[in-house]
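The values are calculated or read from the model by the stated rules, or taken from the named source; none is laboratory data. Treat the numbers as computed from the prediction; the structure is a model and nothing was measured. Note that we place each Cβ from the backbone using ideal geometry, even for glycine, and neighbour counts take in every protein chain shown. Only protein heavy atoms, including side chains, enter the accessible area calculation; ligands, DNA and RNA are left aside. Shrake-Rupley method; radii C 1.70, N 1.55, O 1.52, S 1.80 Å.
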Amino acid sequence: MTGQSLYSTYKRYRTLKTSVISALPIVILMPHSACNCRCVMCDIWKDNKNLKQLSEQDITGLLDSLNSFGTQQVLMSGGEALLNANFFKLCEILKRQKIKVTLLTTGLTIKKNASQILEWVDDLIVSLDGDEFLHDAIRNIPGAFNKLKEGVQHIKSINPDYRITARTVIHRLNFRNWEAIISESRAMGINQVSFLPADVSSHAFNRQMAWEEPKQHEILISEKELPELLEVVTRITANESNFKTHFIAESKEKIRDIYQYYAAFYGLNPFPFKKCNAPWVSTVIEADGNVRPCFFYDVIGNIRDQSLAEILNSKEVISFRKTLDVATNSTCMKCVCSLNLPPRMSLA
Ligand code: SF4
Ligand code: SF4
């Protein structure tokens, strides 16, 4: 979609002011509960047997709410969305409403699905964890890196302008490989790469319980490794070419925040300050229809029982938003996935 009308901007402004949702620019869907990777920092794949998926009926049932909220973008997240056999049908339903579809994928099957991706998906975000050896090791999938690379290159060979970005979670197992991740992304033709720290303390990503200490420490960068992390961050932020062209999506400050985030676990500094309005501008709908205000807060309803508009604007959920203070809430302070979308910012 190009630009946005004054009325949409007003509705977004009013939503932020009143906490009653009248505009919802972004919706995150999880079309399939299973994943085709087995990443060390995620528990989603451990529930692969307990398969859940969104149906065409689920998506059609959402359209009234999405249209009334003027939703502009649907982010297909996972699990691996491409495992849903009807995935492109779901995209088609949304695209016919002029909603932009972005797919977050492991990249393992993007080559096989290239023609439909090019037809029904506006852009791709691939998860990249390291160079070939490390990516395969973290994903627990031999050949994962090469499948991802071949997929990216195949799509680019058909349409060089098709936007493919990469997202990397930086943690104990790959922070030393950070610069290699940047160069590998460039080499395979990715447009932009984005970095965030690992979520080690929440119940999100299918954790029944927040990770116990020993599990946290597999991923959490240790206190004695922090100087090494700082050296890597310093080298990356000193390389102007990464930032001038916005090849790295974050600002230098945001990259330094990744160091600050890990240092905060040891009380060396506060958690980096963040602005987030995710529960006011977006929502998460899981593969079984459960709705959350963002990845990290409890389920607030199910689209198979109520409309999305009813769920998001129930008395309890409005009150949740009204009383949520992102700056002081302990879950928010440790959150790695904040989203801040001011009313005027277009998603075009
Ligand atoms: S981190 Fe993403 S790619 Fe890896 S297992 Fe979890 S859902 Fe799959
Ligand atoms: S900071 Fe994180 S936990 Fe808090 S509202 Fe934003 S996305 Fe949710």
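Some observations on this one:
- The criterion of at least 1 residues that are exposed (fewer than 13 other Cβ atoms within 10 Å of the Cβ) is met, among helices (runs of 4 or more DSSP H) falling completely within region 287-348, by 315-323, 330-334.
- Residue within region 46-59 that is touching a helix residue (DSSP H, G or I) at 6+ places or on another chain (Cβ under 7 Å) and open to solvent by 40 Å² or more (accessible area, probe 1.4 Å) present: yes
- The set of residues in region 39-60 that are part of a helix (DSSP H, G or I) and touching a Lys or Arg at 6+ places or on another chain (Cβ under 8 Å) comprises Trp45, Glu56, Asp58.
- Counting the residues of region 172-193 that are open to solvent by 10 Å² or more (accessible area, probe 1.4 Å) and free of Cβ contacts under 8 Å to residues at least 60 places away in the same chain gives 11.
- Checking every residue in region 33-45 against the condition of being in contact with a Phe, Trp or Tyr (Cβ under 6 Å, 6 or more places away or on another chain) and open to solvent by less than 10 Å² (accessible area, probe 1.4 Å) gives zero matches.
- Selection status of Thr109, open to solvent by 20 Å² or more (accessible area, probe 1.4 Å) and closer than 25 Å to Asn159 by Cβ: yes
- Test: residue in region 315-337 that is within 16 Å of ligand 1 (Cβ to nearest atom), more than 20 Å from Ser22 (Cα to Cα) and at pLDDT below 95: yes
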